[in-house]
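J.: Before anything else, here's the structure in question.
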Amino acid sequence: MESSTLVLTEDGSLELRSVTVPEPAADELILDIELSGVCGSDVHMWQHEMDLDYPVVPGHEFVGLIEKLGTAGITDSARQPLSNGDAVTVVPGISCGECWYCENVPTRPLTCNDRDVHGFRSLDEPPSLHGGMSEYFMLQDRAWFYRFPETLPTALGALVEPLSVATHAVERALPPGLPHVREGLGLGQSVVVQGAGPIGLLTAAAATAVGAGQVIAVDLRTDRLAMAEAFGATDLVDLTEYEGDEFIHAIQELTPGGVGPDVVIEAVGRPAAFGQALRIPRNGGTVVEVGHYFSSGTVDVDPSDLIHRQLDIYGSLAYPPNQFATAISMLERTVDRFPYEDLLNYQVGLDRATEAFEAQANGESYRATIHP
Ligand SMILES: [Zn+2]
Ligand SMILES: [Zn+2]
């Protein structure tokens with residue numbers, strides 16, 4: 001059996017290659033990929049902003065149907081039994097299990113300094129099929145993966161990864177606070193989400209799902225703000241209506257007491273937005289930075305301001321692997337509440353992958369998807 005598999009070459013072009021699909025070993029399985037999202041990080045990779053072993057097989061936000069099980073009796077990472085045809089989502093990051101961090105900080109698997117990540121690995125590394133933009137994907141023993149419930153539209157399986165990023169960012173604002181004295185995020189409290197791209201929208205939904213009383217979405221596109229409202233935002237702040245940083249005052253006016261929100265989550269990914277994030281919350285509030293997976297520069301910070309305003313600042317990188325279970329559970333509970341399928345608004349086949357990368361790069365799509 002051959003797989004038509006997309007690769008990103010050293011010179012930045014997207015090409016289809018034919019890869020022989022190996023027979024799975026006892027603890028392996030082959031997935032027939034349904035769809036794979038084009039993430040901002042795929043765009044960065046495409047625009048040469050990552051140092052990787054090219055050619056890379058892209059795609060880390062995907063869902064596939066089981067084509068072949070190595071042996072009967074394999075279960076997913078939640079010990080659910082599997083059979084041929086089941087939909088499966090795969091956690092892209094794989095920690096090494098052997099370094100100092102894996103031994104001593106197991107609650108933060110992203111601290112591992114020797115991780116493999118599906119969607120960022122070389123075609124030349126056997127068995128080559130480790131990205132979602134491919135007809136077939138080979139799942140090997142060290143990867144975490146979850147059966148995707150048949151009660152949900154299969155396409156939403158491609159949102160489990162970004163929803164894991166979003167739910168983790170919200171959870172960063174939860175511990176180790178005492179919500180009843182407004183340490184951390186509690187029921188009924190106020191959250192600002194900067195940026196209404198896919199991560200910002202899913203973050204607004206996650207904040208709503210954990211019981212935030214007010215979710216204020218900030219963006220400069222009216223279509224994205226309207227979408228934020230559909231994803232749970234109670235208040236919208238359109239940046240184009242304000243000069244410079246005046247919008248910060250406008251946000252604060254929206255919050256109880258006019259002091260600013262309890263929590264700000266930065267999902268824009270521009271240094272200026274992080275600088276603003278530090279100025280938006282009330283004193284003693286929380287800032288979560290999730291937008292800057294890639295460095296796009298620096299911003300001036302006045303350390304004295306952080307002290308005097310007693311801010312809690314958290315960096316949120318991806319998620320631990322069992323965050324996939326959190327995201328799937330949230331999808332099950334909220335599939336009728338938030339218009340998740342509307343995020344998948346640019347769908348193409350493998351042969352038109354470049355168009356999907358372009359649509360994602362220029363903001364035309366929330367999440368362009370490639371359907372092998
Ligand atoms: Zn991603
Ligand atoms: Zn490690």
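J.: Under 8 Å for C-alpha pairs, at least 6 residues apart: give me the relative contact order for the chain, rounded to a whole percent.
T.: After rounding, I find 17 percent.
J.: Here's a follow-up. Counting only the backbone N, which residues of the stretch 105-144 are under 18 Å from the spot 7 Å out from the Cα of Glu10 toward its beta-carbon?
T.: Flagged as within label range: 121-125.
J.: Could you check the simple spin-label distance between Asp342 and Thr107, using points 7 Å along Cα→Cβ, in nm with one decimal?
T.: Modelled inter-label distance: 3.8 nm.
J.: Heavy atoms only, probe 1.4 angstrom, no DNA, RNA or ligands counted: give me His168, His48, His60, His371 ranked by accessible area, highest first.
T.: His48, His371, His168, His60
J.: Answer rounded, prolate or oblate for the stretch 287-372, using the Cα gyration tensor with square roots of eigenvalues a ≥ b ≥ c: rounded when a/c is under 1.5, else prolate when a/b is larger than b/c, else oblate.
T.: Note, shape of the stretch 287-372 comes out oblate.
J.: Tell me which chymotrypsin sites (Phe, Trp or Tyr not before Pro) from the stretch 231-304 have a DSSP coil assignment and no more than 14 other beta carbons within 10 Å of their own.
T.: Phe294
J.: Scan the chain and report its longest stretch carrying no GluC sites (Glu not before Pro) that are both in a DSSP loop and have at most 10 other Cβ atoms within 10 Å.
T.: My reading of the result: 244-372 is the longest stretch.
J.: Okay, moving on. Only four residue types carry charge here, +1 at the Cβ of Lys and Arg and -1 at the Cβ of Asp and Glu. Report the dipole size of the stretch 297-344 about the Cα centre in Debye, rounded to the nearest 20.
T.: 180
J.: Using 1/(1 + (r/R0)^6) with R0 = 41 angstrom and r between the beta carbons of Thr354 and Glu332, what's the FRET efficiency to the nearest 0.05?
T.: Details: r = 34 Å, r/R0 = 0.84.
For Thr354 and Glu332, the calculated efficiency is 0.75.
J.: Using Cα pairs closer than 8 Å and at least 6 residues apart in sequence, work out the relative contact order for the stretch 164-315, in percent.
T.: 22
J.: Answer rounded, prolate or oblate for the stretch 164-315, using the Cα gyration tensor with square roots of eigenvalues a ≥ b ≥ c: rounded when a/c is under 1.5, else prolate when a/b is larger than b/c, else oblate.
T.: rounded
J.: Continuing with this model, one more query. Sketch the reach of a paramagnetic label on His48 as a point 7 Å from Cα along Cα-to-Cβ, and name the residues of the stretch 11-41 whose backbone nitrogen lies under 16 Å away.
T.: Output list for this probe position: 11-14.
J.: Another question about this same structure. For the stretch 34-135, which whole-number percentage of the solvent-accessible area (1.4 Å probe, protein heavy atoms only) is attributable to carbon and sulfur atoms?
T.: Values: 1980 of 4410 Å².
Carbon with sulfur: 45 percent of the solvent-accessible area.
J.: Taking 0.36 nm per residue of sequence separation and subtracting the Cα-Cα distance, how much length would be gained by fully extending the chain between Asp300 and Leu187, in nm to one decimal?
T.: Values: separation 113, 0.36 × 113 = 40.68 nm, distance 3.28 nm.
Taking Asp300 through Leu187 to full extension adds about 37.4 nm, to one decimal.
J.: Would any residue of the stretch 22-44 have its amide N under 11 Å from a label point 7 Å out along Cα→Cβ of Thr154? List them or say none.
T.: Zone members listed by number: 32-35.
J.: Provide Rg over Rh for the stretch 28-101; use the alpha carbon set for both Rg and the Kirkwood Rh (inverse mean inverse pair distance).
T.: 1.05
J.: Taking a ≥ b ≥ c as the square roots of the Cα gyration tensor eigenvalues, with a/c under 1.5 meaning rounded and otherwise prolate when a/b beats b/c, else oblate, which class fits the chain?
T.: Prolate, since a/c reaches 1.5 and a/b exceeds b/c.
The values are calculated or read from the model by the stated rules, or taken from the named source; none is laboratory data. Computed from a predicted structure; not experimentally measured. Quick reminder, even Gly has a Cβ in these numbers, built from the backbone with ideal geometry, and neighbours come from all protein chains shown. Ligands, DNA and RNA are excluded from the accessible area calculation, which covers all protein heavy atoms including side chains. Shrake-Rupley method; radii C 1.70, N 1.55, O 1.52, S 1.80 Å.
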